[in-house]
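Working notes for the structure below.
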Amino acid sequence: MSKVMRIEERFAIKLPDTLPPEVACPLICGGGTVFEAIVDYVESGKSVAIASIGGLGTAAIRFARLFGGQVTALSRSEAKRGGAMKAGAHFFEACLGDVDKMANLAGKFDVILDTNPTNPDIGPYMGMLKINGTYCKVGIPAASDMNFTYAWIPTIFTQKKIAGSIHTQVGQVVLRD
């Protein structure tokens, strides 16, 4: 690997000298993937669910908490509870993949940020949203499974939104010592 690389200034982010590369790299890569969605949809006091707690999900929990969201981590099992709570989640629900457990969370969230790189049936996710809520997908499914369908009537009459986000504009990244 190279220690020096020549690029155009507009693509560069100045890192504080006190920020080690092993911390900066995940923030710029996976952190950048979820940061744009957090900036766009999370506000102080909003109920935010982060679906799937891996690298992206953990970064999303931290950012959503920093932006004032009331954060609930959603996972398939209890195995991720400790890590999610340590990352800053206020609540944890082992519900993903279980339609009945997801239905018990009906109308609970303003925002659901889905970091899972699969293409789930979004119906149960949409049911967990409050009226005017937003489901935002950042985990990219395999190329062979990119399409999804969902009924328009519940979306229209509940004013719910389906969004996607994948990157952060360099101008939005602010790193401080």
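The values are calculated or read from the model by the stated rules, or taken from the named source; none is laboratory data. Please read all numbers here as calculations on a predicted model, not as lab measurements. Positions of Cβ are generated from backbone atoms using ideal geometry, with glycine treated the same way; all protein chains shown enter the neighbour counts. Note: areas computed on protein heavy atoms with side chains; ligands, DNA, RNA excluded. Shrake-Rupley method; radii C 1.70, N 1.55, O 1.52, S 1.80 Å.
Worth a mention:
- In the context of the full set of protein chains, residues of the chain present 60 Å² of accessible surface per residue (probe radius 1.4 Å, heavy atoms only).
- By the rule of a C-alpha distance below 17 Å, with chain neighbours fewer than 8 residues away ignored, the aspartates and glutamates paired with K161 are E36, D40, E43, D110, D114, D121.
- Sorting the segments 42-49, 53-60 by their mean number of nearby beta carbons within 10 angstrom, highest to lowest, gives 53-60, 42-49.
- Listed residues P154, P117, P21, most fluctuating in the chain (Gaussian network, C-alpha, under 10 Å): P21
- Reference-scaled alpha-carbon Rg (2.2 N^0.38 Å with N residues) for region 32-167: 0.95
- Electrostatic dipole magnitude of region 1-159 [Cβ: Lys, Arg +1; Asp, Glu -1; Cα centre; debye, to 20]: 320 debye
- Pairs beyond 30 Å (Cα-Cα), from K14/K80; K3/K86; K80/K130; K3/K80; K46/K80: K14/K80; K3/K86; K3/K80
- Within the accessible area of the chain (1.4 Å probe), percent carbon and sulfur: 57 percent
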